[in-house]
């Protein structure tokens, strides 16, 4: 997609998007070329400039674009990046519905500091989830895509636009990974994509295959992989820019279960078909690592993604099996569908042992309990360090990827103790709080490292998307973690 700048409105523009506010004089926010449309805009009873409102005008003048779409941004005094992103997304969706190949966006001075968010909104809302359609459906989808955006503004901040476009394209690639079915995104393919991202962004990449994982005695990860026809991998991407002081790295860990059947604790219900998305955490970490290289984020960052599926086979892990994790702790597998915490446990303890990170953040579609608690708009945020939790929450608010601080009570830790092994991966006799007990289990493998856990089970794959999203994969976490790392 091409994003360009212009200094004035051109009559050749097919569709012009003009964001307006609900608390100002309409003529003040309009360019002089459009002030003749102010009376029509004032007369429209359903258009007041509120968030989510749109109003389309077809000017009679040959000096103006064929169509002008006004989109509401809410109150100018309360303007923020999320509102700009949403307002632009409304315009892009209108353009796609009407097959407008090129869109122009006029920016009032109040919007000029939100060029990054504008670019994000344009690119994210122009995403096509129907990658695997053919024939007429494919042609229809391709025709609806906006091919170019022209931004009409006096301040041509190309760096901000380029950055927003780069980040949004990174998110869209992650959405492609998440939306792809298991036969087109199994462990082998996802590992191959990790290598591609490393090459594109000039990152160091290491992939530990099944034999190496066996030598390292990663019994928890390998236990989950026992029912699979594809061997487990642990992909490690490292971003270490020149000039960065020799310091302990920041480690990101993403859950990479490419399809989760639940194992012998077989899943049921309508959401079973969505279990291709259980590698969302890994996809997000790969996306963030790619952006670390492209944006030259000035920190030493290591991204780790344990990759396997969780299937049923004669050799598959059985309920009540006991596995020995990389840390040496034994785990009673009370539930084969609580597999994500097992593969994360080995990865996190290995990260602590090998890299001695100054902080570690894991991101995972970990629990249905978190979906029940928080729904699709908030990710559960857990951890052992209040400052880290606070910074992640702030980063999420600033990019419209919201989190909710959830507790890990000492009793949650007690509930994860086993009567026959050191730990159990699920507690059937507990009093609810499944997202917190899962986090308590993970905490057993971080030692004294500053650590935070993002449970994105509700936000990663949605039925009720935001304005700039579409149903299915969202790429939630890419913008949050990238923004967090940039502002450390």
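The values are calculated or read from the model by the stated rules, or taken from the named source; none is laboratory data. All values reported here derive from a predicted model rather than from experimental measurement. Note that each Cβ is placed from the backbone with ideal geometry, even for glycine, and that neighbours are counted across all protein chains shown.
Annotations for the structure displayed:
- Filter pass, residue 84 being under 18 Å from residue 114 (Cα atoms) and at pLDDT below 85: no
- Of the residues making up the stretch 167-181, just one is within 8 Å of residue 473 (Cα to Cα) and surrounded by fewer than 20 Cβ atoms within 10 Å (Cβ to Cβ), namely 176.
- Filter result for residue 388 (modelled with pLDDT of 95 or more, touching a strand residue (DSSP E or B) at 6+ places or on another chain (Cβ under 7 Å), closer than 30 Å to residue 116 by Cα and in the same structural domain as residue 359 (by TED's automatic domain parsing)): yes
- When restricted to residues that are over 17 Å from residue 355 (Cβ atoms), assigned to a loop (DSSP other than H, G, I, E, B) and touching a residue at least 60 places away in the same chain (Cβ under 8 Å), the stretch 300-325 contains 8.
- Of all residues in the stretch 384-396, those satisfying the criterion of being in a helix (DSSP H, G or I) and either exposed (fewer than 13 other Cβ atoms within 10 Å of the Cβ) or in contact with a helix residue (DSSP H, G or I) (Cβ under 9 Å, 6 or more places away or on another chain) (or both) are 386, 387, 391, 392, 394, 395, 396.
- One residue alone among 266, 213 is in contact with a strand residue (DSSP E or B) (Cβ under 7 Å, 6 or more places away or on another chain) and farther than 28 Å from residue 166 by Cα, and that residue is 213.
- Scanning the stretch 270-284 for residues that are out of contact with any strand residue (DSSP E or B) (no Cβ under 8 Å at 6 or more places or on another chain) and over 21 Å from residue 425 (Cβ atoms) gives 270, 273.
- Residue within the stretch 440-449 that is under 29 Å from residue 87 (Cβ atoms), in the same structural domain as residue 368 (by TED's automatic domain parsing) and surrounded by 20 or more Cβ atoms within 10 Å (Cβ to Cβ) present: no
- Number of the exception - residue 58 against (1) within 16 Å of residue 91 (Cβ to Cβ); (2) in contact (Cβ under 8 Å) with a residue 12 or more places away in the chain: (2)
- Cβ-Cβ distances below 8 Å connect the following pairs, each with a first residue in the stretch 464-484 that is free of Cβ contacts under 8 Å to residues at least 40 places away in the same chain, a second residue that is crowded, with 24+ Cβ neighbours inside 10 Å and part of a loop (DSSP other than H, G, I, E, B), and a separation of six or more residues or different chains: 465/474.
- Pairs meeting the criteria (first residue in the stretch 421-442 and without any contact (Cβ under 8 Å) to a residue 24 or more places away in the chain, second residue in a helix (DSSP H, G or I), beta carbons under 7 Å, at least 6 apart or on different chains) are 430/415; 430/437.
- Sub-8 Å Cβ pairs linking a first residue in the stretch 165-184 that is outside any helix (DSSP H, G or I) to a second residue that is modelled with pLDDT of 95 or more and buried (at least 20 other Cβ atoms within 10 Å of the Cβ), at least 6 apart or interchain, are 180/276; 181/276, ordered by first then second residue.
- When the stretch 41-57 is filtered for residues that are modelled with pLDDT of 90 or more and either in a loop (DSSP other than H, G, I, E, B) or out of contact with any strand residue (DSSP E or B) (no Cβ under 7 Å at 6 or more places or on another chain) (or both), the ones remaining, listed by number, are 49, 50, 51, 52, 53.
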